[in-house]
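**Student:** I'd like to ask you about the structure that follows.
The values are calculated or read from the model by the stated rules, or taken from the named source; none is laboratory data. What you are looking at is a predicted structure, and each value in this text was computed from that prediction instead of being measured. Every residue, glycine as well, gets a Cβ built from its backbone with ideal geometry; the counts of neighbours run over all protein chains shown.
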Amino acid sequence: MTKRLFDTDSHLLEFEARVLDVRERDGGVWVLLDQTAFAPEAGGQPSDIGTLGGANVLDVREDGEELWHLVDKEIVSNETVCCKIDYFRRLRHLQNHTGEHIVTGLFHREYGLNNVGFHLGHEDVTLDLDGCIEMSTLRHIEHLANVAVAENRKVNILYPSDGELATLSYRAKGEIAGRVRLVEIEGLDLCACCVPHVKYTGEVGGIRLLSAMRYKGGTRIHMKCGLDAIAHSNIQDDRESELSQLLSLPPERLVEGVRKMADDLGVAKYRIVQMKRERICSLIDSFETKTEQVCLFESELEVNELRVLATGIAEKTGQLCAAFSGDDVGGYRFVLVDPLAFAETAARFRAAFLPKGGGKPPVLQGTVEATEQNLRAFFEIEHA
Ligand SMILES: [Zn+2]
């Protein structure tokens, strides 16, 4: 059994311990200590890291009542080693995990919702609730959570007897095996939990609830606490300042500026569609008096626009019309219309260029990788 020093003192960052056992497993060296302040991977968050003797601790895992430390160097059994926890990783875990308890405690108190999932990853922190919420609810809870941080409420770790436990009302994700460890945020929340917590809520530093989305019939909330929240704000500030420079607008006018750009873009796109239509109509009209087959290349036309063009010309001339748009490097979109010998032309075209696409007689359409020169040559030689 490993004595869990972190259970009662989350601020213990340096300690000495005796090496009870060293084992090689899955290509790594795992060390068992008589006591440890390294919290293992548990409760939705990764383990602490740090140093043990002269080695780096990369991971810590629970195996029954034993805690095994994955290290990057051989460690001698039976010796006493000095150990040090990586402070910033621990602080990040403390701030986000107690922050999550504050938030879920408030959701439970205010709306009767339960926490059904928590994940603290390297980048992202999420918590899952068993009900749906609105954005206004998120802001309300964020406000109350930050008030609880500012009030610097005491956080207690409790190990109640079975008798005491029976009288307590506390939150828990499921049945708990063995002794129940409760984390109490005074006057706010009581929750079963196995990981280290801050001693006072003020240490959480601040809580940001970033977004809420529907998830498995409930809600997934993305959140950041303390130093993570500050880092997130810095990234947002940098992004805002870059946008501000790009659009030559002060930050408070960015939304207005982007909205205007979107409107202008919509008008421009509409104008382009109109101009393309006019161009297609005038091209079709230009074939009014001709009766030979046509192969033409137009820039920036989509397949549906090429179809209008090729069908219109084929109807005017009564002959084959092939229309292409694209370039030799990226390939061409095409529409081929042959009112006279579609099956034969389509078969020859397919054999020559292996185009992708389909269509119904007398239309073949899709994309093709070929050069303009080869495509023009095909229609001139094969059908001249
Ligand atoms: Zn917890």
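**Student:** Of the conditions (1) crowded, with 21+ Cβ neighbours inside 10 Å; (2) closer than 24 Å to A172 by Cα; (3) in contact (Cβ under 8 Å) with a residue 24 or more places away in the chain, S47 clears all except one; give me its number.
**Tutor:** It fails just one condition, (3).
**Student:** Moving to a separate point now. Kindly evaluate T371 against the criterion of being touching a His at 6+ places or on another chain (Cβ under 9 Å) and assigned by TED's automatic domain parsing to the domain that holds V308. Outline the logic, then answer.
**Tutor:** Details: touching a His at 6+ places or on another chain (Cβ under 9 Å): no; assigned by TED's automatic domain parsing to the domain that holds V308: yes.
When the stated conditions are applied, T371 does not pass them.
**Student:** Kindly state which strands (runs of 3 or more DSSP E) lie completely within region 282-339 and contain at least 3 residues that are modelled with pLDDT of 95 or more and not aliphatic (A, V, I, L, M).
**Tutor:** Numbers: elements: 294-297, 321-327, 331-337.
Result: 321-327, 331-337.
Listed here are the residues, each with its yes/no results for (1) among the small types (G, A, S); (2) within 16 Å of the ligand (Cβ to nearest atom); (3) over 32 Å from the mean Cα position of the chain (by Cα).
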residue: E16; (1), (2), (3): no, no, yes
residue: D21; (1), (2), (3): no, no, yes
residue: R25; (1), (2), (3): no, no, yes
residue: V31; (1), (2), (3): no, no, yes
residue: D34; (1), (2), (3): no, no, yes
residue: A37; (1), (2), (3): yes, no, yes
residue: S47; (1), (2), (3): yes, yes, no
residue: V57; (1), (2), (3): no, no, no
residue: G64; (1), (2), (3): yes, no, yes
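**Student:** If I go through region 349-374 residue by residue, how many of them are farther than 17 Å from A314 by Cβ and assigned to a helix (DSSP H, G or I)?
**Tutor:** So the count comes out to 7.
**Student:** While we're looking at this one, here's another question. Being under 27 Å from the mean Cα position of the chain (by Cα) and in contact (Cβ under 8 Å) with a residue 40 or more places away in the chain narrows it down to one residue among D237, D228; which is it? Explain how you work it out, then say what you get.
**Tutor:** On the way: D237 fails: in contact (Cβ under 8 Å) with a residue 40 or more places away in the chain.
On inspection, the qualifying residue turns out to be D228.
**Student:** Criterion first (of a type in the set (V, I, T) and closer than 30 Å to E298 by Cβ) does V255 satisfy it? Steps first, please.
**Tutor:** Values: of a type in the set (V, I, T): yes; closer than 30 Å to E298 by Cβ: no.
Taking the combined requirement at face value, the residue does not satisfy it.
**Student:** Okay, moving on. Scanning region 188-204 for residues that are within 12 Å of the ligand (Cβ to nearest atom) and either part of a strand (DSSP E or B) or basic (K, R) (or both), which turns out surrounded by the fewest Cβ atoms within 10 Å (Cβ to Cβ)?
**Tutor:** The selected residue is A192.
**Student:** Among the residues of region 132-162, what is the count of those that are over 15 Å from Y200 (Cα atoms), among the charged types (D, E, K, R) and modelled with pLDDT of 95 or more?
**Tutor:** Qualifying residue count for the region: 2.
**Student:** Let me ask something else. Output yes when any residue across region 232-245 is within 30 Å of E100 (Cα to Cα), of a type in the set (A, V, I, L, M, F, W, C) and part of a strand (DSSP E or B), and no when none is.
**Tutor:** Restricting attention to region 232-245, the residues satisfying the condition of being within 30 Å of E100 (Cα to Cα) are 232-240.
Checking the rest, the ones that are also of a type in the set (A, V, I, L, M, F, W, C) come to 235.
Adding the requirement that they be part of a strand (DSSP E or B) leaves none.
No, every residue in region 232-245 fails to be within 30 Å of E100 (Cα to Cα), of a type in the set (A, V, I, L, M, F, W, C) and part of a strand (DSSP E or B).
**Student:** Something else about it: Please work out which residue is nearest to the ligand (Cβ to nearest atom), limiting yourself to region 170-187 and to residues that are in contact (Cβ under 8 Å) with a residue 40 or more places away in the chain and buried (at least 19 other Cβ atoms within 10 Å of the Cβ). Walk me through it before giving the result.
**Tutor:** Keep residues of region 170-187 that are in contact (Cβ under 8 Å) with a residue 40 or more places away in the chain, which gives 171, 173, 181, 183, 185.
From what's left, buried (at least 19 other Cβ atoms within 10 Å of the Cβ): 183, 185.
Working: V183: 6, I185: 11 Å.
Checking each candidate, the answer is V183.
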